[in-house]
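Structure first, commentary second.
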Amino acid sequence: MWDRNQMAARAAQELQDGWYVNLGIGIPTLVSNYIPEGVEVTLQSENGMLGIGPFPYEGEEDPDLINAGKQTVTAEKQTSFFDSSESFAMIRGGKIAMAILGAMEVAENGDLANWMIPGKLVKGMGGAMDLVAGVKRVVVVMDHTNKAGESKVLKACTLPLTGQKVVDRIITNLGVLDVVEGGLRIVELADGVSEDELRTATEATIVG
Amino acid sequence: MWDRNQMAARAAQELQDGWYVNLGIGIPTLVSNYIPEGVEVTLQSENGMLGIGPFPYEGEEDPDLINAGKQTVTAEKQTSFFDSSESFAMIRGGKIAMAILGAMEVAENGDLANWMIPGKLVKGMGGAMDLVAGVKRVVVVMDHTNKAGESKVLKACTLPLTGQKVVDRIITNLGVLDVVEGGLRIVELADGVSEDELRTATEATIVG
Amino acid sequence: MAAVALTPFRNVAKTKRNQAEDFMKKVYGSAAEALDGLLKDGMFIAAGGFGLCGIPELLIDAIHKAGTKDLTIASNNCGVDHFGLGILLDSRQIKKMISSYVGENAEFMRQYLSGELELEFNPQGTLAERMRAGGAGIPGFYTKTGVGTVIAEGKDHKDFDGETYILERGIVADLAIVKGWKADESGNVIFRKTARNFNVPAAKCGRVCICEVEEIVPTGSLDPDHIHLPGIYVHRLIQGQHEKRIEQRTTRKKEA
Amino acid sequence: MAAVALTPFRNVAKTKRNQAEDFMKKVYGSAAEALDGLLKDGMFIAAGGFGLCGIPELLIDAIHKAGTKDLTIASNNCGVDHFGLGILLDSRQIKKMISSYVGENAEFMRQYLSGELELEFNPQGTLAERMRAGGAGIPGFYTKTGVGTVIAEGKDHKDFDGETYILERGIVADLAIVKGWKADESGNVIFRKTARNFNVPAAKCGRVCICEVEEIVPTGSLDPDHIHLPGIYVHRLIQGQHEKRIEQRTTRKKEA
């Protein structure tokens, strides 16, 4: 079974040299720690930046330089700034090669729910709906089951959707699954996880 | 009867201080010579410029600095440059206070034809259709009749339209007419032109 | 459209003489003065900023003091408790928000859950494009964002090349309030880093736009190739001190 | 969307080391090399430039030499006789043009009137917005431009707030060829004065975009607030000498 960092490290293997990538908040943010040697990616921030650098040194925080999580960051050599309509033009227009996002639920047809739990506090979808609709490849990183042990990899999502048929690959603490014709296909098992364990923890149809 | 320069001078009276204005090619270009004292306007060029300055001094022409007529120009203090989609965003979005354009025909309902004569060489509409559709106020400057003495101020245009119900005011060598409910209203007669002469030269309905 | 004879241009001397005083007309002494005559209960305001980054602090404060009520505000966020647009929540001046994310604001949640405040969630990119479209004379555009979600409910659907899209509307606001870094007196504005964000599309969608900046410089001081928001979009300008509060101060340690 | 724990970032030393060589991958030695593998008879190309201002001279020349046929080209103009895109007219490589104005070109007229060349007139702003929309994932947008004219024939009409608009489609081209002033090795481009024009929207609508510039500078040399076209839009870059011909040389005399 993978921990948060191992999941992030596995997700980092999805990245290819030269790609422009958007990383969501949570485990996806950790992915930037595991980018493989020789692979250079440029990180996009929805609020109008290509080329997110590391957090600033203490005392060098700039209120005019934040990421989409509202954290202070720095620029890189190749950084460019632009406005929000331009930022989402490149997202919607398919210029971003990959988004790695967290999820509450994923369904076997690629449906994704990650923004709203009815009856609970609703904070808004932010840029998530635009990202899943526009980015070329969507990879979800999440725990396979919830705290009650119930599968989050479902036949159909029960929560309000963020996007319909948008997820390409799911990376969980139990392994890696691809969304294919008819259901999900097991790509890889996490260390020490058997195929049976993965199947048992998965409500969705597993094919192939 | 007004000559080209007098028509341009009369058209210049339409301008108000602080306005952003687009001037078409031909007589409208002459308008910039007659901007009244104390009135400052910023001229927009569809190819991506606000603040068109005068022609450059000989030897100072810059191939990267032209107007929509492809003539070398200069910048002014308040000049900004932008791309063509941004340029037409401000045109279409009604940010330009006035366009002063030439015409082949105008109709009493404000229809304008100024881009195409079927059977003759067709050069294209350029930005004219966007301008008449988007700019807040459209003033046409043209000769009242064609070389054969036939009225160009018509009940209905015979040439393919540039825009439907887009013209607000018509300035010709014979006077000034406004497009109003039911037809055209005489606003002003050119020097030495009688109302009868203007009416005779006008096919369109004159009201009021 | 035909070639044109070479013509002299307007009197250059005159242009130069009038320029300074004419463009000075956009510059106002304070946020309150800049807002004079523009505020009305029930009006629709578009506000720039993302989180607390690049928000029009001075104009928000002046609208608070003016007490204008029943506002509909399109803004990606609604500030935080007691800062930014949060100030207008405290004073119950906002009737409705059009936003993509409101997670930083407990008072917002309280008013929303109690039914005191209307909220229209827009995906962030849809909101930015709705502003840009409204400013560009585009009343509607199709997008894949939100297809198959609650966002698509009640909206026109249309297929293009075998894929389904929904129709979203351009937004035109009665007033846009935005925050730039530097402006010249003719209203040309440049922004700094990620503080540009929603300020550009918000400014464009306003029937009237007021921009507050950290510094107003004489017209001619800015490189015309560096302007992010041309003066045509900016009707009134003010200069002032900004708190520029940081929402999440994240840092790393200097390596030895 | 929730707050996130502070996390270290990727190894900064590694980033710096790899950066130079990685971004160099966008830089090609010549227009012919940059076009290698991308040309195909019958393809759709979007080209930047307005008149002869800011046109991708080197790429046009290389496409001419490559002999690619049956091209559909979206470009505001089609050069002049024997220069700019006019070169591809001479060699009969163009099947169809999508343009707003073609008045500067006698050979164009001859081929068009004889039926050798297809021509789709687009209003200039509609063409620019179609490119921008295509690049922004917007398959269609409504505009008032052309309502009631031949341009509206056969297009969907829709009323918004009592006014009629027509639906125009976003354009996505197989290849965009554009010309900038300076670029850094990561593909960030800046343009000079009115040479920006259609180059930005054309670049955005290309599945692949090649940009030729007058100067390529090391990544990090350009101010990130001055970038007109972020590197994400630019896949291949070349540097070269440009003739930059002037179409209408208009001047005034120096006053004594």
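What net charge do the residues around residue C:121 carry, taking every other residue with its C-beta under 14 Å from that of residue C:121, with Lys and Arg at +1 and Asp and Glu at -1?
-1
Sum up the charges of everything whose Cβ sits under 9 Å from the Cβ of residue B:71, counting Lys and Arg as +1 and Asp and Glu as -1, but leave residue B:71 out.
Charge balance in the 9 Å sphere: +1.
In whole angstrom, how far apart do the alpha carbon centroids of segment B:131-208 and segment A:137-208 sit?
Here the two parts' Cα centres lie 70 Å apart.
Kindly give the semi-axes, whole Å and largest first, of the ellipsoid equivalent to segment B:4-201, taking each as the square root of 5 times a Cα gyration tensor eigenvalue.
29, 19, 16
Under the Karplus relation 6.51 cos²θ - 1.76 cosθ + 1.60, θ = phi - 60°, what is the ordered set of whole-Hz ³J(HN,Hα) values for segment A:59-66, x standing for Gly and Pro?
Taking θ as phi minus 60°, the curve returns x, 10, 5, 10, x, 8, 9, 10 Hz for segment A:59-66.
If N is the number of residues in segment B:97-208, what value comes out of its Cα radius of gyration divided by 2.2 N^0.38 Å?
Compared with the compact-globule rule of thumb, segment B:97-208 sits at 1.01.
Name the residue farthest towards the positive end of the dipole of segment A:4-201 from the options A:79, A:118, A:167, assuming +1 on Cβ of Lys and Arg, -1 on Cβ of Asp and Glu, about the Cα centre.
Projecting each Cα onto the dipole axis, the largest value belongs to A:118.
Which of the pairs D:204/D:244; B:70/D:244; C:25/C:193 have their Cα atoms more than 20 Å apart in this structure?
Over 20 Å apart, Cα to Cα: D:204/D:244; C:25/C:193.
Between residue C:106 and residue B:3, what is the spin-label point distance in nm, taking each point 7 Å from the Cα along the Cα→C-beta axis?
7.9 nm
Are there trypsin sites (Lys or Arg not before Pro) in segment A:58-126 that DSSP marks as loop and that have at most 13 other Cβ atoms within 10 Å, and which are they?
Loop-located and lightly packed - A:120.
All other residues with a Cβ under 14 Å from the Cβ of residue A:106 taken together, and with Lys, Arg as +1 and Asp, Glu as -1, what is their net charge?
Charge balance in the 14 Å sphere: -3.
Between residue B:39 and residue B:121, what is 0.36 nm times their sequence separation minus the Cα-Cα distance? Round to one decimal in nm.
25.6 nm
Got a sec to turn the phi values of segment C:26-34 into Karplus ³J(HN,Hα) couplings, 6.51 cos²θ - 1.76 cosθ + 1.60 with θ = phi - 60°, whole Hz, x for Gly and Pro?
Karplus values, whole Hz, x for Gly and Pro: 7, 8, 10, x, 7, 4, 4, 5, 5.
Test of understanding: what is the full-extension gain from residue C:243 to residue C:66, defined as 0.36 nm times their sequence separation minus their Cα-Cα distance?
Extra length from residue C:243 to residue C:66 when fully extended: 61.7 nm.
In nanometres, what is the gap between the two model label sites at residue B:200 and residue D:120, each 7 Å from Cα along Cα-to-Cβ?
In this crude label model, residue B:200 to residue D:120 measures out at 5.1 nm.
Mind checking the dipole of segment C:108-179: about its Cα centre, +1 per Lys or Arg Cβ, -1 per Asp or Glu Cβ, Debye to the nearest 20?
Charge dipole, segment C:108-179, about its Cα centre: 260 debye, nearest 20.
Given an 8 Å cut-off on Cα distances and at least 6 residues of separation, report the relative contact order of segment B:4-201 as a percent.
Relative contact order for segment B:4-201 comes out at 18 percent.
To the nearest Å, what is the center-to-center distance of segment C:167-188 and segment D:184-240, using C-alpha atoms only?
26 Å
Could you work out the percent of alpha carbon pairs in segment C:177-256 separated by over 21 Å, rounded to a whole number?
31 percent
Given the pairs A:136/C:179; B:120/D:254; B:77/D:254; A:77/D:69; B:152/C:26, which are separated by over 31 angstrom at their Cα positions?
Listed pairs above 31 Å: A:136/C:179; B:120/D:254; A:77/D:69; B:152/C:26.
Exactly which GluC sites (Glu not before Pro) in segment D:74-136 are in a DSSP loop and have at most 13 other Cβ atoms within 10 Å?
Taking segment D:74-136 and a limit of 13 other Cβ atoms within 10 Å, the loop GluC sites (Glu not before Pro) found are D:116.
Per-residue ellipticity at 222 nm for the protein assembly as shown, helices alone: DSSP H runs ≥ 4 residues times -39500 (n - 2.57), over residue total, nearest 500 deg cm²/dmol?
Counting only the DSSP helices, I get -5500 deg cm²/dmol.
Where a Cα-Cα gap under 19 Å defines reach, which aspartates and glutamates qualify for residue B:165, not counting those fewer than 8 residues away within the same chain?
B:105, B:108, B:111, B:130, B:178, B:181, B:203, D:153, D:159, D:161, D:163
When the Kirkwood radius is taken over all Cα pairs of segment C:122-226, what Stokes-Einstein diffusion coefficient follows at 37 °C and 0.692 mPa s, in µm²/s?
214 µm²/s
Check which residues have an amide H placed less than 5 Å from residue D:51's amide H, if you skip close sequence neighbours.
Residues meeting the criterion, in which the H sits 1.01 Å from N, are D:77.
Distances from residue C:116 to the same residue in each other copy, label points 7 Å out along Cα→Cβ, in nm, shortest first?
So the label point of residue C:116 gives 7.6 nm to the other copies.
Report the normalised scattering of the protein assembly as shown as log10 I(q)/I(0) at q = 0.05 Å⁻¹, calculated by the Debye formula with identical scatterers on the alpha carbons.
-0.29
None of the figures in this text is laboratory data; all of them are computed from the coordinates on show. Because the structure is a prediction, the values reported are computed rather than measured. Every residue, glycine as well, gets a Cβ built from its backbone with ideal geometry; the counts of neighbours run over all protein chains shown.
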